[in-house]
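The block underneath contains the structure these notes are about, expressed in structure tokens.
The values are calculated or read from the model by the stated rules, or taken from the named source; none is laboratory data. All values derive from a computational prediction rather than experimental measurement. Ideal geometry is used to build each Cβ from the backbone, glycine not excepted, and the neighbour counts take in all protein chains shown.
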Amino acid sequence: MRQSKLFTKTKKEAPSDEVSKNAELLIRGGFIHKEMAGVYSYLPLGLRVIKKIENIIREEMNAIGGQEVVLSSLQEKETWEPTDQWDDEKVDVWFKTKLKSGTELGLAVTHEAAMTKIAKNFLNSYRDLPFSIYQFQTKFRNEIRAKSGIMRCREFEMKDLYSFCKDEEEHNEFYEKSKVAYQKIFQRAGIGHLTYFTFASGGMFSKFSHEFQTITGAGEDTIYVDEDKSIAVNKEVYNDEVISSLGLDKEKLVEKRAVEVGNIFTLGTRFSDALDLTYQTEKGEKKSVFMGSYGIGPGRLMGTVVEVLSDDKGIIWPETIAPFKVHLLSLGDDENIKKEADHVYDALISKNIEVLFDDRSGVSPGEKFADADLLGIPYRIVVSSRSMKENGVEIKKRNEEKGKVVSLEELLTLLTA
């Protein structure tokens, strides 16, 4: 991609009403556009990041046997009434609307009941179990407060997976696999070292649910971390009984602010009982399916990465989810420099290296460097009069202070290693 042709442009300032660091940097970098509070559009750079996050999640969900679908956002109230989730007193974040015929509908806040309803059409025998279904789908939640940028939105993408098992023992086996898969996702996304497996309230479903909480001052949650065991307890369940039951030492727990980047729930038979999702056992007995729910918001994960992996100059993307691997800068309007930069650009493309080429004319070197720091692409490659005198190009990682001049051959070897 040539930056002179890129749809978006960088900005010196974010909207005055934007208070979150993640949204400020993403808006200034041209990754997203703020439509209104809690609602953002993803622009070309931002979409590239989201798609890479999706692919990491997809690979890990497929690895544990998940099958991908996409359910509708429009939901009938009849789907949600049996589980007592249509009532605004019980679930207060619905966006509700009506068809011209008067039929009441809602924009999905989640999909447990909807997925259970679909499963009824394809599940009869114990031979059909276990299985798991997941989707990447837009959710709508009428949040009272939306001040955390893309970490808390009223419209957002969610990866939600639902597991269907014969019994609790079979469910627990899958639950452990999902826990490991989630840890791999956050490690691959570059925040594994800051993310803790966290015990939280299971509500009506079980004694505990489990969250994955990333340490950041921008987080809305308070957790207590055992850094030696790499686990944490959410403040909502932080008491002596819980600490003792988990075998933790209260003196070793450190209070931290954090943001929830994923969660896994044991649902049990709540939804299968309410919607009559059953199967026949080997003995011909009728039994309710045992379920689980597993969520990650790709946008929230993206926002969290920006919150924790940035500096006073801009974003520092992990290579795994960066919009491009290389940011190539051509400095100066000398024709020989332009010609050499074009040659380097073609060489990178020939090796299938993702590259954003800052080929803009009339833009000062200082402005190009500032934009490169803001965009946060992992490798900055500079073609200038200085680098040409040394018969090479300058390469610098985003989080390094100084670069070095290498030959084009060395550059290609380094980037394809």
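Here are the numbers:
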| item | result |
| --- | --- |
| Pick from segment 339-379, criterion within 22 Å of LEU43 (Cβ to Cβ) and among the basic types (Lys, Arg), ranking: farthest from the chain's Cα centre (by Cα) | ARG360 |
| Qualifying position, being crowded, with 21+ Cβ neighbours inside 10 Å, touching a residue at least 40 places away in the same chain (Cβ under 8 Å) and either of a type in the set (Lys, Arg) or more than 24 Å from GLN137 (Cα to Cα) (or both), among ARG300, ARG257 | ARG300 |
| Single unsatisfied condition, LYS51 versus (1) over 30 Å from LEU331 (Cα atoms); (2) touching a His at 6+ places or on another chain (Cβ under 9 Å); (3) in a helix (DSSP H, G or I); (4) not polar (S, T, N, Q) | (2) |
| Cβ pairs under 6 Å, 6+ apart, first in segment 1-15 and in contact (Cβ under 8 Å) with a residue 24 or more places away in the chain, second of a type in the set (Ser, Thr, Tyr) | none |
| Identity of the residue in segment 46-71, surrounded by fewer than 23 Cβ atoms within 10 Å (Cβ to Cβ) and of a type in the set (A, V, I, L, M, F, W, C), that ends up nearest to GLY219 (Cα to Cα) | ILE50 |
| Any hit, segment 373-388, residues being within 23 Å of ASP346 (Cβ to Cβ) and free of Cβ contacts under 8 Å to residues at least 24 places away in the same chain | yes |
| Residue in segment 268-276 that is within 30 Å of GLY376 (Cβ to Cβ), at pLDDT 95 or above, in a loop (DSSP other than H, G, I, E, B) and in the same structural domain as ILE50 (by TED's automatic domain parsing) present | no |
| Identity of the residue in segment 96-152, within 17 Å of the chain's Cα centre (by Cα) and of a type in the set (D, E, K, R), that ends up nearest to GLN280 (Cα to Cα) | LYS139 |
| Residue within segment 242-264 that is of a type in the set (S, T, N, Q), in the same structural domain as PHE136 (by TED's automatic domain parsing) and under 30 Å from LYS21 (Cβ atoms) present | yes |
| Strands (runs of 3 or more DSSP E) lying entirely in segment 65-166 (those with 1 or more residues that are among the polar types (S, T, N, Q) and touching a residue at least 24 places away in the same chain (Cβ under 8 Å)) | 66-68, 74-76, 131-140, 155-165 |
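Matching residues to (1) more than 17 Å from GLY297 (Cα to Cα); (2) surrounded by fewer than 17 Cβ atoms within 10 Å (Cβ to Cβ); (3) not polar (S, T, N, Q):
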| site | (1), (2), (3) |
| --- | --- |
| LYS77 | yes, yes, yes |
| THR97 | yes, yes, no |
| SER101 | yes, yes, no |
| MET115 | yes, no, yes |
| THR138 | no, yes, no |
| ARG145 | yes, yes, yes |
| ILE150 | no, no, yes |
